[in-house]
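Each value in this text was obtained by applying a stated rule to the coordinates, not by laboratory testing. This structure is a prediction, so every number in the text was calculated from the model and none was measured. Counting neighbours? That spans all protein chains shown, and the Cβs are built from the backbone with ideal geometry, glycine included.
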Amino acid sequence: MVVQVKPRNRYSSKTMEGNQQKVEANILLLGAVNVGKSALTVRFLTRRFIGEYGDIESIYSHTDKIDGRDICFNIWDSLCPQNGEVSRYISDRQLQWADGYILVYSICDRASFNVVRQQVQCIRQAKQKLASTAQIMIVGNKRDLQHRRTVSSEEGRLLALSTDCGFFEVSAAETYHGVLMVFHELFERIREARALKKGPVGFKGIVRSVSAVFGRKRTE
Ligand SMILES: Nc1nc2c(ncn2[C@@H]2O[C@H](COP(=O)(O)OP(=O)(O)OP(=O)(O)O)[C@@H](O)[C@H]2O)c(=O)[nH]1
């Protein structure tokens, strides 16, 4: 069964609706094949786990309230190439588009953890080159399959700590709340990084704002 969610291709980070500025965040899901990227996306969008997802690569748009404010998540559920080498590859278009990454591995699949390890390095290098503030969340999925676990929680946490990423272990199959936390926590990180990049408003900023409101040009 393929879930019907309307895809949308938008690449801006902010839009205006009425007089209210609507905040957007572009989230890219990456990881090896079969780790549950689509399951996590669909859980977040519909609160449901449907089991089989088909081979669809789409960008979905979903608005959620955080602290009383509408946040528009544009979520790119990437399709992983079957070839192991290619699965580590992240395109320039993806790197330029994303404000945040959810790197998914399965706790039962060590090879998928190694893919995430390499993708973290790839994104960190690209961030430096692009002077990007994009944030990364590492997610160990299929937590319900404890008896088949091959990657410990400590390994996931350590990788996240050593690379300045967030970390969650979740089960897309079992709970909605954990998945919600992943997206919300990633958004918080993006918001903080954006605020840091902007820096404090300062005196010049205040003068600029006052000039803009009263429509006068500064003479010095
Ligand atoms: N037990 C369990 N199975 C899961 C979980 N999440 C996903 N699955 C199953 O894992 C399989 C792959 O899930 P997908 O969401 O299609 O994985 P994907 O990473 O999008 O796969 P590709 O698009 O092919 O790269 C499906 O059979 C899902 O039902 C989970 O949390 N627990």
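The separation of the stretch 88-114 from the stretch 22-47, counted between C-alpha centres, amounts to 11 Å.
Computed over the stretch 42-128, the P(r) tail beyond 18 angstrom holds 55 percent of alpha carbon pairs.
Peptides 29-39, 49-59, 105-115 ranked from most to least packed by the mean count of surrounding Cβ atoms within 10 Å: 29-39, 105-115, 49-59.
May I ask you to compute the full-extension gain from S132 to N114, defined as 0.36 nm times their residue separation minus their alpha-carbon distance, rounded to one decimal in nm? Walk me through the numbers before you get to the answer.
Values: separation 18, 0.36 × 18 = 6.48 nm, distance 2.39 nm.
Extra length from S132 to N114 when fully extended: 4.1 nm.
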